[in-house]
Amino acid sequence: MRQAILDQNDRLAERNRGFFRARGLLVLNFLSSPGSGKTTFIREAVRALQPQLKAGVIVGDLATDNDARRLRESGAPVVQVTTGTVCHLEAEMVGRAVGQIDLNGLNLLIIENVGNLVCPASYDLGEDLRVVLLSVTEGEDKPLKYPPMFQSADVVIISKTDLSQACGYDRETALANIRRAAPKARIFETSAKTGQGMDDWCRFVAEQHRARSARDPLGP
Ligand SMILES: Nc1nc2c(ncn2[C@@H]2O[C@H](COP(=O)(O)OP(=O)(O)O)[C@@H](O)[C@H]2O)c(=O)[nH]1
Ligand SMILES: [Mg+2]
């Protein structure tokens, strides 16, 4: 039963991927536990990437449109998906939500997944890159406790570095644990509050977008 659901999701994710590629969109799927700083990071990143790259955002939560309202402060078009009792976004939900965004002139689609370090790891949404956040406040051992999420990450963002000292954050241990769970992931150390690491992140996204456009020259 579960396998049938995942197979169906994979088919719809491939359909999303084809659609995104045809539109020349770079698609990022942001995942983390609740409160790691996804919404804040995305809002600041969207601001920093403009006007070079323009983003649309889809955000999933069980309830409320609080995050959509916060994300709209960046100026980006935002669609809130409320999942009720479902602990992750599925490809079908993303396919429907993207139909509500005017994609003309957009280069990037950012998906903020439901806050959860377990379930969303199993659901491909058709993204190009999986971006997993780990805040300095949540413990250096999370990559070891939640291996599937970190194994599936293309990028790991260490967030809230401005709080490192207050939390007694052990940077070397956190980096070693991330490298063990996600040996191929690019790692960024950032604070959405002070702006630390944002320039590096924006350069990376621009490079990824250029690489995608070079691979798929049919995109607009
Ligand atoms: N000090 C600090 N707080 C942050 C930072 N990023 C997010 N926060 C705070 O962390 C809390 C959760 O952030 P939010 O973006 O809602 O996380 P999400 O649940 O992963 O989307 C909020 O109170 C934010 O203001 C940061 O870089 N530094
Ligand atoms: Mg959020």
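A short reminder: the numbers here are calculations on the coordinates, not readings from a lab. Just so you know, these numbers come straight off a predicted model, no measurement behind them. Counting neighbours? That spans all protein chains shown, and the Cβs are built from the backbone with ideal geometry, glycine included.
General remarks:
- Each Lys or Arg adds one and each Asp or Glu subtracts one; over the other residues with Cβ under 13 Å from the Cβ of Q80, this totals 0.
- Backbone amide hydrogens, once placed in the peptide plane, bring V79 within less than 5 Å of V57, I58, V59, excluding anything fewer than 5 places away on its chain.
- Taking 0.36 nm per residue of sequence separation and removing the Cα-Cα distance, the T82/N104 pair yields an extension gain of 5.4 nm.
- Relative contact order computed over segment 70-151 (Cα-Cα under 8 Å; 6+ residues apart), in percent: 30 percent
- Each of the peptides 80-87, 21-28, 93-100 was scored by the mean count of other Cβ atoms within 10 Å over its residues; in descending order, highest first, they stand as 21-28, 93-100, 80-87.
- With the simple model of a label 7 Å out from the Cα in the direction of the Cβ, R186 to A4 spans 4.1 nm.
- Computed over neighbours whose Cβ is under 14 Å from that of R96, the net charge equals -1, Lys and Arg +1, Asp and Glu -1.
- Segment 136-210-segment 1-79 distance, computed between alpha-carbon centres (Å): 19 Å
- Across segment 154-220, Cα pairs under 8 Å and at least six residues apart give a relative contact order of 37 percent.
- Length added when fully stretched, K54-S122, from 0.36 nm per residue minus Cα-Cα: 21.7 nm
- 25 Å Cα cut-off, lysine pairs counted over the chain (separation 8 or more, or different chains): 15
- Isolated Cys residues of the chain, judged by Cβ distance under 4.7 Å to other cysteines: C167, C202
- Estimated FRET transfer efficiency when R0 is 25 angstrom, pair L163-R70 (beta carbons, to 0.05): 0.80
- This model, with +1 at the C-beta of Lys and Arg and -1 at the C-beta of Asp and Glu, gives the chain a dipole about its Cα centre of some 360 debye.
- Residue-count net charge about G56 - beta-carbon cut-off 13 Å; Lys, Arg +1, Asp, Glu -1: +1
- Simple label model, 7 Å out from Cα along Cβ direction - S213 to T137, nm: 3.7 nm
- The mean sequence distance of close C-alpha pairs (under 8 Å, at least 6 residues apart), as a share of the length of segment 2-212, puts its relative contact order at 25 percent.
- Built amide H within the under 5 Å cut-off of V27, gap 5+: L109, D128, L129
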